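The values are calculated or read from the model by the stated rules, or taken from the named source; none is laboratory data. In this text, all values refer to a predicted model and were calculated from it rather than measured experimentally. Reconstructed Cβ throughout: ideal geometry from the backbone, glycine too, with neighbour counts over all protein chains shown. Areas reflect the complete protein model, heavy atoms only, side chains present, ligands, DNA and RNA absent. Shrake-Rupley method; radii C 1.70, N 1.55, O 1.52, S 1.80 Å.
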Amino acid sequence: LLRRLSFMEKEKIEINEEVKDAVTFEKDAGRGTALLAFNGKIIGLMSYVDELRPRMKEIIDETKILGVKEWHMLTGDNENVAKVVSCELGLSHPHANMTPESKVDFVRKFQNLKRHGEIVAYIGDGVNDAASLALADVSIAMGGIGSDVAIEAADITIMHDHLNRLPQIIRTGKNVRRIMFQCFGTWTVTNIVGLALVLTGVIGPVGAAAYNFLTDFVPILNALRA
C-alpha cells in the first residue's frame, strides 16, 4: 500500500516517530512524500520533487497579457511543495493538500464570486480533476498523460501536452468570438437593409429572394476566416 501519511493514520497503520520525523524533514525541504505499508506496518518512504514543464513561467505570463486575471495552483501536495513550485512559476495563489472534493468546492466558490463577463477555467489531467473540469466554465485536459475520464470531462484537450498551446488557445478563442459577433452583426444589418428595400418597393419578390440568397454568403465567408 503506497499512500500519504494522513491516509495511513486514517487506516490505523502503525507509524513510529522516526517515520513521522522523516516525513516532516522531507516536507520542510519542499518535497512530497508517500509511505509504503505492508501487513499494517510502514516499510518504506518515498520522497519526490515536481519537475516543472519547460517555459511554464513564460507561458503563464503570456496568458496574463492575453487577459487572464488570476492563476491558482490546486495541488494535493503539502504546503512547502506548493510554495516552492508557486515561487518558481511566479504564482501568488498556491493551495495545498487539496482533495477532489475541495477542488470542486474551490471552483464552485470562484463561479459564485465572478463578475459579469468573467469565466472560470480549469486545467487538469487526472481522475481527481474530472469533477472540477466538468464544473468549470472552460476546462482543458492534457491528452498525452491525462486520464480518459479527465479528457471526457474537458471542453478542450491538448493532445501532445504542450502547454505552450495555452496562449494559442486563448488567442484562437478570442478570434473566433470576434468573428462570431461580426457574423451576427453582418446578418442583422443585411436583413434590416433587405427589409427596408422591400417595404419601400425598391425590390420586388424576385429581387428580395436574390438579395437574401447573396447576402447569406457574407457571414459565411467571414466565418471561414476562423
Using the heavy atoms of the protein chains alone and a 1.4 angstrom probe, what is the accessible area of the chain per residue in square angstrom?
64
Nearest-ten-degree value, helix 79-89 long axis tilted from longest Cα axis of the chain
40
Dmax and Rg, reported as Rg then Dmax, of the chain (C-alpha, Å):
26.2, 94
The chain: angle of helix 17-28 to the longest principal axis, Cα-based, in degrees nearest 10
40
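Of all alpha-carbon pairs in the stretch 127-170, indicate the percentage at a distance above 16 angstrom.
29
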Can you give the net charge of the other residues whose Cβ lies under 15 Å from the Cβ of PHE106, counting K and R as +1 and D and E as -1?
-1
From Cα pairs below 8 angstrom and at least 6 apart in sequence, can you work out the relative contact order of the stretch 1-113, rounded to a whole percent?
21
Return the carbon/sulfur percentage of the accessible area of the stretch 92-199, one whole number, probe 1.4 Å, all protein chains in place.
60
Under the 0.36 nm per residue contour assumption, what length would be gained going from the current alpha-carbon distance of ARG171 and LEU214 to full extension?
12.4 nm
So, relative contact order of the chain in percent, Cα under 8 Å, 6 or more apart, is 12
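Between GLU9 and SER92, take the C-beta separation as r, use R0 = 30 Å, and let me know the FRET efficiency to the nearest 0.05.
0.45
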Using only Cα atoms, find the angle between the long axis of helix 165-199 and the longest principal axis of the chain, and express it within 0 to 90 degrees, rounded to the nearest 10.
20
Relative to the Cα centre, what is the charge dipole magnitude of the stretch 85-147, using +1 at the beta carbon of each Lys and Arg, -1 at the beta carbon of each Asp and Glu, and rounding to the nearest 20 debye?
220
Taking 0.36 nm per residue of separation between VAL127 and ASP50 and subtracting their Cα-Cα distance, the length gained on full extension comes to 25.9 nm
May I ask you to evaluate 6.51 cos²θ - 1.76 cosθ + 1.60, the Karplus curve with θ = phi - 60°, for each residue of the stretch 217-226 and list the ³J(HN,Hα) values in order in whole Hz, giving x for glycine and proline?
6, 4, x, 5, 5, 5, 5, 5, 5, 5
So what are the ³J(HN,Hα) numbers for the stretch 51-59, from phi and the Karplus equation (6.51, -1.76, 1.60; θ = phi - 60°), rounded to whole Hz, Gly and Pro as x?
9, 6, 6, x, 6, 4, 5, 5, 5
